[in-house]
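Structure, as structure tokens:
The values are calculated or read from the model by the stated rules, or taken from the named source; none is laboratory data. Remember, it's a predicted structure, so these values are computed and weren't measured experimentally. Heads up, the Cβs are rebuilt from the backbone with ideal geometry, glycines too, and the neighbour counts pull from every protein chain shown.
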Amino acid sequence: MNSPALFSEKIILASASPRRKEILASVGWPFEAITAGIDEIQQAGEKPLDYVQRLAREKATAVADKLESGLVLGADTTVVVGDQLLGQPADDDDARRMLQLLSGKWHEVLTGVALVRVGGQTVVDYERTRVRFAELSDAEIGWYVSTGEPKGKAGAYAVQGKAAFFIEQIEGDYFNIVGLPIRLVYEMSNMF
């Protein structure tokens, strides 16, 4: 069986995320990573879904503007519990706060995805996955924070790491929780 046509073109990943790089590498998609370096502040009144899609587009566009050709992939992932958007924790106390909010509850993981053809078409979409955490004791939260794993992770956890001990249920795309809904990226790439 031949590889899908999309693998004939290297993608430019507008991200420094090691998880996104791992996902692309694991499926054999040739890529190069260039960090976008954009401001990731949520705008006043901006809904979480609009936020992740805007950031994905801004990341992809910022990198595309530096290139003469290519297909650029931007993505942004956040966690939403209730009406609160949980990005990356500022410090260990913030990670504890986030994990307490997630304890015993369902939350959503939203990833905005943008593909930008340099000098051409832009496509933006998103993936939504629901996750339920078990009830976490203070000792469990303290242990998890002490591992250092929550640093740099939306919602202060990595489903592919030690946080797997605390996940009761997932509804939707597992790769979305890791940070890149690869099936969605594949479907979007077929639009080019």
Original post:
What is the number of the single condition among (1) in contact (Cβ under 8 Å) with a residue 12 or more places away in the chain; (2) out of contact with any Phe, Trp or Tyr (no Cβ under 7 Å at 6 or more places or on another chain) that F166 does not meet?
Top reply: (2)
Original post:
Across segment 21-45, which residue is surrounded by the most Cβ atoms within 10 Å (Cβ to Cβ) among those that are within 17 Å of A64 (Cβ to Cβ) and touching a strand residue (DSSP E or B) at 6+ places or on another chain (Cβ under 7 Å)?
Top reply: A36
Subject >> Single condition Q100 does not satisfy, out of (1) within 16 Å of the chain's Cα centre (by Cα); (2) farther than 23 Å from Q53 by Cβ; (3) polar (S, T, N, Q) >> reply: (1)
Original post:
Which of the residues spanning segment 51-93 are within 18 Å of G120 (Cα to Cα), part of a helix (DSSP H, G or I) and either touching a helix residue (DSSP H, G or I) at 6+ places or on another chain (Cβ under 8 Å) or β-branched (V, I, T) (or both)?
Top reply: T61, V63
**OP:** Considering each residue of segment 45-103, count those that are touching a residue at least 60 places away in the same chain (Cβ under 8 Å) and under 21 Å from I182 (Cβ atoms), and give that number.
**Re:** 15
Subject >> A114 being modelled with pLDDT under 95 and within 21 Å of R57 (Cα to Cα) >> reply: no
Original post:
Quick one: in segment 115-169, which of the residues that are in contact with a Lys or Arg (Cβ under 6 Å, 6 or more places away or on another chain) and assigned to a strand (DSSP E or B) is surrounded by the most Cβ atoms within 10 Å (Cβ to Cβ)?
Top reply: V124
